[in-house]
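Peer 1: Can you read through this structure? Questions will come right after.
The values are calculated or read from the model by the stated rules, or taken from the named source; none is laboratory data. The shown structure was predicted, so the numbers you read here are calculated from the model rather than taken from an experiment. Backbone-built Cβ (ideal geometry, glycine too); neighbour counts: all protein chains shown.
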């Protein structure tokens, strides 16, 4: 290997190491540099390049994975046939609750529903496979955005919603108008810890009280963790 090729290979490896370090929770350049035994100048330079390409986001608290990583994660999820792996888990969630269960992935500012298990109740909530919704209008969108703490340009209402979602580790949306739907969603993480999809459960208020809501949160969280384990996550 020539000197130039060796240097290029080393740079590529370091860039990938930085992405994995950020996915593992290292946010500041100092933390990344310490974890990888890199100089701070090298860390700043490579992280800035990754941010320029959309693989990282630079925020007030350091770096987070950027939109290009979410897009790559969604592509990887489809490549391993995530809907097929998720289907038994969705069906088990419906069997245990009677409510509709869904799997969604992020596509820019939207969520795409890629798998579903219809509810078995007299009144059911349906999201057709292939349907889209805006991230900021759904519990699934909240779950998909749990690791994004860039609040620049966000409304105070959405910032409060996301802070509560991060505290719970779950997305939650109650539509008090329109269709009066209640949704709970949990993230699905890959082996690197990145969120690549989300599982949601949709029900209506007449089937819900505080005790059942708390029970459903636990069941949805367990479903998200089960699918994460199936793709090598935790």
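Peer 1: Restricting attention to the range 103-124, and to residues there that are crowded, with 19+ Cβ neighbours inside 10 Å and more than 14 Å from the chain's Cα centre (by Cα), which single residue is farthest from residue 205 (Cα to Cα)?
Peer 2: Checked the range 103-124; the qualifying residue farthest from residue 205 (Cα to Cα) is 114.
Peer 1: Which one of the conditions (1) at pLDDT 90 or above; (2) more than 28 Å from residue 49 (Cα to Cα) does residue 146 fail to meet, given that it meets all the rest?
Peer 2: With (1) at pLDDT 90 or above; (2) more than 28 Å from residue 49 (Cα to Cα) applied to residue 146, the lone miss is (2).
Peer 1: Go through the range 180-205 residue by residue and tally those that are modelled with pLDDT under 90 and farther than 18 Å from residue 118 by Cβ.
Peer 2: Counting residues in the range 180-205 that are modelled with pLDDT under 90 and farther than 18 Å from residue 118 by Cβ gives 7.
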